[in-house]
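Following: one structure in structure tokens, then a few remarks.
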Amino acid sequence: MQPNILLLKDFYRRWWWAYLLGFLALAGVGAGYAVSKSHSILPIGGGAFLSAILLASDLNFRTNARTLLSLPVRLTEIGRTYWLICVLYSALFVTGATALGSMIAALLGAKHALDTGELFRMLYLTGAVNAIMLLTLTYLPHRQPENTTEQLTGGFAGMVWGLGVGASFSAPMFWPRSAQSQQSITGILLLAGVISAIAAWHRCTVMLVNRTAPAAGTTSKKASSYSLSTGGFSGLRWLLVRTFGQSICFSLLMQFVLHLTMRLMGAPINSATMPTLILFPVLFISVLMLLPNMTALRHLRSLPLSAKQLALLFLALPAVSIMGIFLTTPLYMLFDREFFTHFFKLPLLVFGIGMFCLFLSLMLNIGVKWGMIGVVLVVPVITMLAMLRQVLHISWDITTSPYTAFLGLVLLLVAYCWNLHAIRSRSKIYLPHFHLMGRNQFGG
Amino acid sequence: MSNAIEIHGLTKNYSQFQLGPLDLTVPRGAIYGFVGPNGAGKTTTIDMLLGMGQPDGGLITVDGLDHVRDEVAVKQMIGYVSPDLNFQMWGKVGNAIRFVKGFHATWDDRHCEHLLKMFRIGVDEKIATLSFGSKIKLALILALAWRPPILILDEPTVGLDAVARHELFSELLESVGQEDRTVIISSHALADVERFADRMGFIKNGRMLLEGETAELIQRYRMVDCQSNEPQRLKQQPGIVLAKQDGQRCRVLVDRGEDSGNWLKQFGAQPTASAPVTLEELFVTLAKA
């Protein structure tokens with residue numbers, strides 16, 4: 001199977017910066033492995049970020065799929081070029097970059113360069129995860145479901161996708177220690193990966209065609225209700241209550257899955273893994289809650305809210321969504337005290353809120369791309385710091401220190417001032433970057 | 001009649017575009033057509049008014065209130081519609097309504113239901129699956145349902161079919177007639193603007209070229225076919241815009257307010273025909289000039 005060179009060039013030209021950052025991060029991880037020989041840092045799920053997740057970002061703009069289909073290239077050629085990018089090339093890239101980092105560290109005196117067996121295992125496991133994510137992408141809902149089957153398939157795919165994205169961040173941290181557990185997990189992943197790879201090979205054209213289909217519910221829709229419900233909250237109160245409710249639901253689901261996964265894998269819960277475990281739901285839920293709000297900035301700014309109120313809203317929403325995590329956590333104490341003890345770290349939660357608000361400010365002030373890069377990079381950095389603390393026997397625990405909470409508050413203050421500046425003076429943030437049409441089509 | 005909106009000396013500099021200095025006056029109760037070619041600065045002007053970016057200079061007042069100092073009070077008077085508004089985060093139509101109604105004490109549920117019926121948008125419909133035209137209709141519903149004293153419509157007819165466009169303008173006319181409402185409509189649908197706007201401003205390259213009563217502006221200009229030995233010199237004269245040239249024969253847009261008739265004679269131009277202009281002819285000729 002020959003990939004289409006023009007499509008390959010186009011994909012890599014647009015995402016070179018993600019690959020560059022990925023390369024640096026992976027080489028760093030490889031070097032880290034050479035120093036610590038810790039399997040828990042190997043980026044098995046990280047490949048998904050350089051494949052299916054990037055492709056999903058591409059295809060989320062409906063017009064991209066339409067443009068691709070209008071090219072004088074066979075549909076199967078387009079689909080399979082993306083299959084190669086997502087499943088094969090990305091796995092090779094991840095393995096290669098990690099190996100290079102490990103080799104350089106070994107040349108500089110580190111003791112544990114990755115051997116061929118470990119590299120091969122990383123290659124096929126990364127490929128397997130990539131294939132599962134690509135197959136999931138082909139089933140992700142792209143319009144309102146027309147029947148129960150579509151609803152169930154879309155819902156299930158959405159759940160797997162969300163968990164897959166989450167696992168890409170944190171799964172390597174919880175890679176089991178025992179050889180038997182490792183073999184079982186490897187076997188399951190490999191089997192699921194092979195099946196997914198074959199299925200995705202056949203479905204990647206469907207993924208493109210489906211995304212060009214018009215949205216349902218246009219002119220020939222059935223009669224709807226026009227009656228408004230009275231009572232209940234409205235305005236900002238409604239938004240905050242809704243955000244809080246959603247964050248509780250997400251948090252319950254996410255903590256349950258994290259807890260279950262770690263128990264099944266026999267993964268360690270300690271001060272090295274906990275920063276990721278705590279920060280991941282904070283970041284993930286906050287991203288889920290808040291990015292859609294950013295797409296509605298133009299609408300929010302046209303409402304009778306002052307710039308200060310809007311800047312505060314962008315602090316209140318993450319705080320409210322993280323309160324959801326905070327409140328659902330004690331539920332797990334009922335059946336797992338150890339989990340609760342490690343999870344319930346208030347200073348780190350405050351820091352998490354501050355950090356996330358600062359990411360939002362970054363997005364507002366210097367662009368979404370850099371904000372997202374910050375989100376992606378900060379979890380490994382904090383994890384590394386926590387691990388170094390363990391390796392170097394430093395007693396200061398960043399998860400419980402009041403300095404961590406103080407730093408979080410400082411970040412909140414900085415984020416507020418920066419938000420205010422962007423809301424008042426950056427007209428760019430009100431452009432419709434995220435939604436279906438471009439302003440330029442219609443003038444102004 | 002006092003003015004609903006006054007803009008004086010508004011400037012905003014971007015690396016590739018400069019808005020202004022721009023003056024614009026919208027009398028209370030008027031339907032003001034704000035027209036101009038793509039990239040002229042219409043949306044930028046509206047954005048500055050709504051606080052989406054900081055002007056580099058100038059003064060904007062809405063009903064006598066400063067748009068920065070009194071931004072909340074100003075926005076409590078303005079209903080805003082644009083194809084760039086994104087409501088998808090609210091999920092369903094009913095949620096978007098529930099959110100927006102909380103900001104406006106004058107929100108009228110009955111009127112909202114009437115608008116929902118008229119535009120055939122159900123409260124339980126998912127916003128993500130609405131067609132583009134339906135999303136504009138939703139923006140209109142959210143802006144009209146609280147009967148704002150000032151309505152700003154930035155390209156409201158984009159994506160609307162002829163029936164929906166007719167319904168929109170009928171609704172606008174009705175609401176303006178009943179309630180002393182001011183409407184600014186920035187649109188490329190010039191036929192509609194000509195029919196409904198009683199005042200208009202024509203903006204090009206960030207500058208206001210023309211502003212006045214619609215009927216007066218249309219009456220002020222005529223399209224004249226003439227023969228001239230110096231058509232290039234003709235177009236340099238104030239009040240004359242060369243629309244078309246074929247050798248010595250040319251078609252010029254003549255501003256009757258200026259002393260253009262004399263200019264024509266002075267350059268030896270012999271008028272052969274003269275006709276009134278439509279807003280579209282006026283727009284296209286000025287935009288190309």
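Conditions tested, residue by residue: (1) touching a Cys at 6+ places or on another chain (Cβ under 7 Å); (2) within 13 Å of chain A (Cβ to nearest Cβ); (3) at pLDDT below 90; (4) at negative phi.
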{"residue": "B:119", "(1), (2), (3), (4)": "no, yes, yes, yes"}
{"residue": "B:128", "(1), (2), (3), (4)": "no, yes, yes, yes"}
{"residue": "B:153", "(1), (2), (3), (4)": "no, yes, no, yes"}
{"residue": "B:160", "(1), (2), (3), (4)": "no, yes, yes, yes"}
{"residue": "B:172", "(1), (2), (3), (4)": "no, no, yes, yes"}
{"residue": "B:189", "(1), (2), (3), (4)": "no, yes, yes, yes"}
Residues that are touching a residue at least 12 places away in the same chain (Cβ under 8 Å) and in a helix (DSSP H, G or I): does the stretch B:27-42 have at least one?
yes
Restricted to the stretch B:176-211, and to residues that are outside any strand (DSSP E or B) and of a type in the set (Lys, Arg), which residue is surrounded by the fewest Cβ atoms within 10 Å (Cβ to Cβ)?
B:195
A careful count of residues in the stretch B:87-105 that are touching a Ser or Thr at 6+ places or on another chain (Cβ under 6 Å) and either more than 7 Å from chain A (Cβ to nearest Cβ) or under 25 Å from residue B:60 (Cα atoms) (or both) gives 0
What tally of residues in the stretch B:30-86 results from selecting those that are under 13 Å from the mean Cα position of the chain (by Cα) and more than 10 Å from every other protein chain (Cβ to nearest Cβ)?
6
The condition from (1) of a type outside the set (Val, Ile, Thr); (2) crowded, with 18+ Cβ neighbours inside 10 Å; (3) more than 7 Å from chain A (Cβ to nearest Cβ) that residue B:3 misses is numbered (2)
Run down A:73, A:29 and say which single residue is surrounded by 15 or more Cβ atoms within 10 Å (Cβ to Cβ), of a type in the set (Val, Ile, Thr), more than 17 Å from the chain's Cα centre (by Cα) and at pLDDT 75 or above.
A:29
Considering only residues that are in a helix (DSSP H, G or I) and over 17 Å from residue A:425 (Cβ atoms), which ones fall in the stretch A:303-312?
A:312
Hits in the stretch A:152-211 - residues which are under 23 Å from residue A:50 (Cα atoms), at pLDDT below 80 and among the charged types (D, E, K, R)
A:211
Just to be sure before I move on: is residue B:136 facing another protein chain (nearest Cβ under 7 Å), part of a helix (DSSP H, G or I) and buried (at least 23 other Cβ atoms within 10 Å of the Cβ) in the structure I sent?
no
Scan the stretch A:224-248 and report the pairs whose first residue is in a helix (DSSP H, G or I) and whose second residue is polar (S, T, N, Q), with Cβ atoms within less than 7 Å and a gap of 6+ or a chain change.
A:243/A:321; A:247/A:321; A:248/A:328
If you scan the stretch B:174-187, which residues turn out to be farther than 20 Å from residue B:2 by Cβ and at pLDDT 80 or above?
B:185, B:186, B:187
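For every residue, the table says whether it meets (1) at pLDDT below 80; (2) buried (at least 16 other Cβ atoms within 10 Å of the Cβ).
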| position | (1), (2) |
| --- | --- |
| A:376 | yes, yes |
| A:383 | yes, yes |
| A:400 | yes, no |
| A:411 | no, yes |
| A:419 | no, yes |
| A:434 | yes, yes |
What number of residues in the stretch B:101-117 are surrounded by 17 or more Cβ atoms within 10 Å (Cβ to Cβ) and part of a helix (DSSP H, G or I)?
5
Hey, among the residues in the stretch B:83-100 that are surrounded by fewer than 21 Cβ atoms within 10 Å (Cβ to Cβ) and not in a loop (DSSP other than H, G, I, E, B), which one's modelled with the lowest pLDDT?
B:88
Within the stretch B:129-173, the residues that are among the acidic types (Asp, Glu) and within 23 Å of residue B:5 (Cβ to Cβ) are B:154, B:155, B:171
What number of residues within the stretch A:290-310 satisfy the criterion of being among the aliphatic types (A, V, I, L, M), in contact with a Phe, Trp or Tyr (Cβ under 8 Å, 6 or more places away or on another chain) and closer than 23 Å to residue B:141 by Cα?
5
Tally up the residues in the stretch B:10-24 that are over 11 Å from residue B:44 (Cα atoms) and outside any strand (DSSP E or B), please.
2
Of (1) more than 7 Å from every other protein chain (Cβ to nearest Cβ); (2) in a loop (DSSP other than H, G, I, E, B); (3) more than 20 Å from the chain's Cα centre (by Cα), residue B:123 satisfies all except one. Which?
(1)
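The values are calculated or read from the model by the stated rules, or taken from the named source; none is laboratory data. From a predicted model like this one, the values you see are computed outputs, not experimental measurements. In this analysis, Cβ positions are derived from the backbone assuming ideal geometry, glycine residues included, and neighbour counts consider all displayed protein chains.
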